[in-house]
Amino acid sequence: MNESKELTEREIDAIVTAQVDDPEAWEQAIHVRPRRAHLHPSRMKLAARFFVLSVLNRLGADAAVMVGPRDDVDIAVIGKNGQTITVDVKVVVGSTRWHVERVREQPGHFLVFVCFVGDVHDPEATPEVYIVSSEQLAGYVARSPSSELSLAELGRELRAPEAWHRLLAPATAA
């Protein structure tokens with residue numbers, strides 16, 4: 001009967017070290033493609049909120065993430081005159097088409113659409129951003145009754161792409 005002796009870790013290390021430069025000692029290498037992590041919608045929403053907050057803070061705004069019962073207020077911006085602007089961040093992944101939702105039309109309330117149209121796994125990919133007041137959006141939705149809107153078209157008509165200045169101005173000037 002042939003009994004095999006179990007090797008110690010030190011013996012295994014010695015064998016591997018001795019054969020490290022001998023390609024004949026090794027089997028064919030296998031290549032496993034890394035699996036992309038599934039992006040949960042709540043994580044994308046969080047990423048979009050903090051992206052907007054980051055830009056606002058870099059522009060010198062006094063902005064903070066809001067936590068509370070209101071689903072349509074993600075960020076509050078306090079203007080130099082003490083007025084508050086509220087922001088509802090919407091995230092769109094893979095396109096610039098938005099499935100229309102009810103919009104709370106109120107002065108000083110804005111919607112910021114953060115569109116991850118490129119590879120969302122690429123940290124260097126910058127999202128497209130469209131910024132509109134709730135009044136502008138409500139009017140646009142009323143004129144374009146559809147269950148889905150092209151944010152690129154909305155952006156052209158309402159001059160919304162990268163319109164960060166709207167969130168920095170007093171609420172009455174929006």
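Which residue, of Ala76, Ala125, Ala171, is modelled with pLDDT under 90, surrounded by fewer than 18 Cβ atoms within 10 Å (Cβ to Cβ) and among the hydrophobic types (A, V, I, L, M, F, W, C)? So that I can check it myself, show each step before the final result.
Working: Ala76 fails: modelled with pLDDT under 90; Ala171 fails: surrounded by fewer than 18 Cβ atoms within 10 Å (Cβ to Cβ).
Of Ala76, Ala125, Ala171, the one residue that is modelled with pLDDT under 90, surrounded by fewer than 18 Cβ atoms within 10 Å (Cβ to Cβ) and among the hydrophobic types (A, V, I, L, M, F, W, C) is Ala125.
Table: residues versus (1) touching a Lys or Arg at 6+ places or on another chain (Cβ under 9 Å); (2) part of a loop (DSSP other than H, G, I, E, B); (3) modelled with pLDDT of 80 or more.
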residue: Glu27; (1), (2), (3): no, yes, yes
residue: His31; (1), (2), (3): no, yes, yes
residue: Arg35; (1), (2), (3): no, yes, no
residue: His38; (1), (2), (3): no, yes, no
residue: Leu46; (1), (2), (3): no, no, yes
residue: Phe51; (1), (2), (3): no, no, yes
residue: Asp72; (1), (2), (3): yes, yes, yes
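Please indicate, with yes or no, whether at least one residue in region 99-112 is under 21 Å from the mean Cα position of the chain (by Cα), loosely packed, with under 14 Cβ neighbours inside 10 Å, at positive phi and assigned to a loop (DSSP other than H, G, I, E, B).
The answer is no, given that none of the residues of region 99-112 is under 21 Å from the mean Cα position of the chain (by Cα), loosely packed, with under 14 Cβ neighbours inside 10 Å, at positive phi and assigned to a loop (DSSP other than H, G, I, E, B).
Output the residues belonging to region 123-156 that are part of a loop (DSSP other than H, G, I, E, B) and under 11 Å from the mean Cα position of the chain (by Cα).
Pro123, Ala125, Thr126, Pro127
Show the residue pairs that are 6+ apart or on different chains and have beta-carbon atoms under 9 Å apart, the first residue being within region 97-123 and among the small types (Gly, Ala, Ser), the second being assigned to a loop (DSSP other than H, G, I, E, B).
Gly108/Gln83; Gly108/Pro170; Gly108/Ala174; Gly118/Ala125; Gly118/Thr126; Gly118/Pro127
If the Cβ limit is 9 Å and pairs must be 6+ apart or interchain, which residue in region 66-82 that is closer than 17 Å to Gln106 by Cα pairs with which residue that is of a type in the set (Ser, Thr, Tyr) and surrounded by fewer than 17 Cβ atoms within 10 Å (Cβ to Cβ)?
Ala76/Thr84; Val77/Thr84; Ile78/Thr84
List every residue pair whose Cβ atoms lie under 7 Å apart, where the two residues are 6 or more positions apart in sequence or sit on different chains, the first residue falls within region 23-50 and is more than 19 Å from Thr126 (Cα to Cα), and the second residue, located anywhere, is surrounded by 10 or more Cβ atoms within 10 Å (Cβ to Cβ) and at pLDDT 85 or above.
Listed by first residue and then by second, the contacts come to Ala25/Gln19.
From Arg49, Arg43, grab the single residue that is farther than 16 Å from Leu168 by Cα, crowded, with 17+ Cβ neighbours inside 10 Å and not β-branched (Val, Ile, Thr).
Working: Arg43 fails: crowded, with 17+ Cβ neighbours inside 10 Å.
Going through Arg49, Arg43 in turn, just one is farther than 16 Å from Leu168 by Cα, crowded, with 17+ Cβ neighbours inside 10 Å and not β-branched (Val, Ile, Thr): Arg49.
Failed condition for Glu6, given (1) modelled with pLDDT of 85 or more; (2) part of a loop (DSSP other than H, G, I, E, B); (3) within 30 Å of Thr126 (Cβ to Cβ); (4) not β-branched (Val, Ile, Thr), with all others met?
With (1) modelled with pLDDT of 85 or more; (2) part of a loop (DSSP other than H, G, I, E, B); (3) within 30 Å of Thr126 (Cβ to Cβ); (4) not β-branched (Val, Ile, Thr) applied to Glu6, the lone miss is (3).
The values are calculated or read from the model by the stated rules, or taken from the named source; none is laboratory data. Quantities reported herein were computed from a predicted structural model and do not represent experimental measurements. Every residue, glycine as well, gets a Cβ built from its backbone with ideal geometry; the counts of neighbours run over all protein chains shown.
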